[in-house]
Amino acid sequence: MPFLDVLIGETSINLSMEFLYLLFLFDTVASYLLSYKRSILYANQQTYIINLVHIVYLIGMNATQIALLITTENYVLYLVSKIFFRILENIVITIIANKKYPYLKDKNIKPLEQNKKDEIKQKVHGLLFHKIGGTGVNSTDNLIISHFLGVAKVGLLANYTALVTGLNILITQIFNSLTASVGNLLLENDKEKSYGIYKSILLLNSWIFTFASVGLVCLLEPVISIWFGSEYLLSFSLMIALCVNFYFSGMRKTFNLFKEAAGIFYEDRYVPILEIIVNIVASIILLHYFDITGVIIGTTLSSLVLFLYSYPKFVNKPLFGQKYTSYLKEQFKYLALYLATFTLCVVIMRSISFANIWMNILVGFIIAIFVPNIIYLITFCKTDEFKYYISLLKVVKENLFKKEKIK
């Protein structure tokens, strides 16, 4: 807090920045209150319950915040309502967990063995570094931009990042729901089977984020123009950088899924610190050459610390026995396919432009739906990973048919 003026720079806001910062801080702290009982729902593969509660929380919070902004135009009430709904969500999930697992309220419990306590402490110690690293990488961009270019630039960028972050959160739910299943898979200690599932999830990961990244590059500008106004558009190069960074960030999902399921936190605890350093240094240097776009490129470059060092050493080798060269070939294959698909879609989109913004949205939607999916379908239709999903669909279809027959 004492350094807010230095970090933020000049602002035209007539509210106390310290007070607003405290509200944001309390919102973060409130997210931890009564949140620990979510763990048993995650562990028992009942993430859908948490997701349903979260959806209701989002609808209630957003509706209330919109109403408050329209009726009072009070930003403080807007933030306070967010804190209220954050706490309410945790209370509801706690009540659900207590009802489903009443033994959680049992006071006569057996103490945990010391070796288990030590193991938990070690993993939490390592996890702390990862959380600091994740927060550092995701938060330093805004601090760098506000310090060197002003808070107004951060506000303009927020229009873009709000859509990108929202889409990322939506897709993340797919991979979060797989954590418990992957944990059970790893307990079998079958590296060949685990590697096969890993490759299948990696294909899904790349396919989804290529499709989403193309969708963003095709639709982000017209959506911003309609939503906020064309005067709030930033450079096309910035949008490209955001979409590419979105893909790089998204491709972490598979590795983080297996890392978390295997409890690999302590071994690579110092890697996030290196990632922060690379991010800050690269972002500040590139900012002087490419403005805001340089900051986003710097964040993308910091991801290389994970893809070139952390993931092959701490995930792929110990869990699957994969060689570094095999890992690089695999990652290069997906990266090359993404860049080729992304570039083709950008070229098509830029060559077909209409004066009517709704026509541009329609064309962008058609490009985003067909081009990346057709390319991935042609590329992977004969692979084991694609056949794995076809077999899953057949099982689902058979189960649905059996249920209909029983009815």
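The values are calculated or read from the model by the stated rules, or taken from the named source; none is laboratory data. Please read all numbers here as calculations on a predicted model, not as lab measurements. In this analysis, Cβ positions are derived from the backbone assuming ideal geometry, glycine residues included, and neighbour counts consider all displayed protein chains.
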Exactly one of 131, 105 is among the basic types (Lys, Arg), at pLDDT below 90 and farther than 30 Å from residue 23 by Cβ, and that residue is 105
Considering (1) of a type outside the set (S, T, N, Q); (2) without any contact (Cβ under 8 Å) to a residue 12 or more places away in the chain; (3) under 30 Å from residue 270 (Cβ atoms), say which one residue 43 fails and leave the rest. (2)
Return a yes/no flag: does the range 171-183 have any residue that is under 12 Å from the mean Cα position of the chain (by Cα) and either under 20 Å from residue 141 (Cβ atoms) or without any contact (Cβ under 8 Å) to a residue 24 or more places away in the chain (or both). yes
Matching residues in the range 1-50 (in a helix (DSSP H, G or I) and within 14 Å of residue 79 (Cβ to Cβ)) number 14
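Rundown of residues vs (1) modelled with pLDDT under 95; (2) in a helix (DSSP H, G or I), yes/no style:
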residue: 260; (1), (2): yes, yes
residue: 273; (1), (2): yes, yes
residue: 277; (1), (2): yes, yes
residue: 314; (1), (2): yes, yes
residue: 342; (1), (2): no, yes
residue: 350; (1), (2): yes, yes
residue: 353; (1), (2): yes, no
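I need a count of the residues in the range 103-153 that are aromatic (Phe, Trp, Tyr) and closer than 27 Å to residue 311 by Cα.
Keep residues of the range 103-153 that are aromatic (Phe, Trp, Tyr), which gives 103, 129, 148.
Filter once more, so that each one left must be closer than 27 Å to residue 311 by Cα: 129.
The qualifying residues number 1.
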It is to be established whether one or more residues within the range 74-88 are in contact with a helix residue (DSSP H, G or I) (Cβ under 9 Å, 6 or more places away or on another chain), among the charged types (D, E, K, R), part of a helix (DSSP H, G or I) and exposed (fewer than 14 other Cβ atoms within 10 Å of the Cβ). no
Selection within the range 175-197 - surrounded by fewer than 16 Cβ atoms within 10 Å (Cβ to Cβ) and more than 16 Å from residue 385 (Cβ to Cβ): 181, 184, 187, 188, 189, 190, 191
Looking only at the range 216-255, count how many residues are assigned to a helix (DSSP H, G or I), out of contact with any Phe, Trp or Tyr (no Cβ under 8 Å at 6 or more places or on another chain) and either free of Cβ contacts under 8 Å to residues at least 24 places away in the same chain or charged (D, E, K, R) (or both). 3
If residue 268 passes every condition in (1) under 22 Å from residue 306 (Cβ atoms); (2) among the acidic types (Asp, Glu); (3) exposed (fewer than 15 other Cβ atoms within 10 Å of the Cβ) but one, which one does it miss? (3)
Taking only pairs six or more apart or across chains, which ones have beta-carbon atoms under 6 Å, a first residue in the range 377-389 that is without any contact (Cβ under 8 Å) to a residue 24 or more places away in the chain, and a second residue that is surrounded by fewer than 11 Cβ atoms within 10 Å (Cβ to Cβ)? none
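Look through 51, 98, 108, 14 and report the one residue that is farther than 30 Å from residue 183 by Cβ and not hydrophobic (A, V, I, L, M, F, W, C). Working first, answer last.
Values: 51 fails: farther than 30 Å from residue 183 by Cβ; 98 fails: farther than 30 Å from residue 183 by Cβ; 108 fails: farther than 30 Å from residue 183 by Cβ.
Answer to the selection: 14.
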Is it fair to say residue 200 is at pLDDT 90 or above, over 21 Å from the mean Cα position of the chain (by Cα) and buried (at least 18 other Cβ atoms within 10 Å of the Cβ)? no
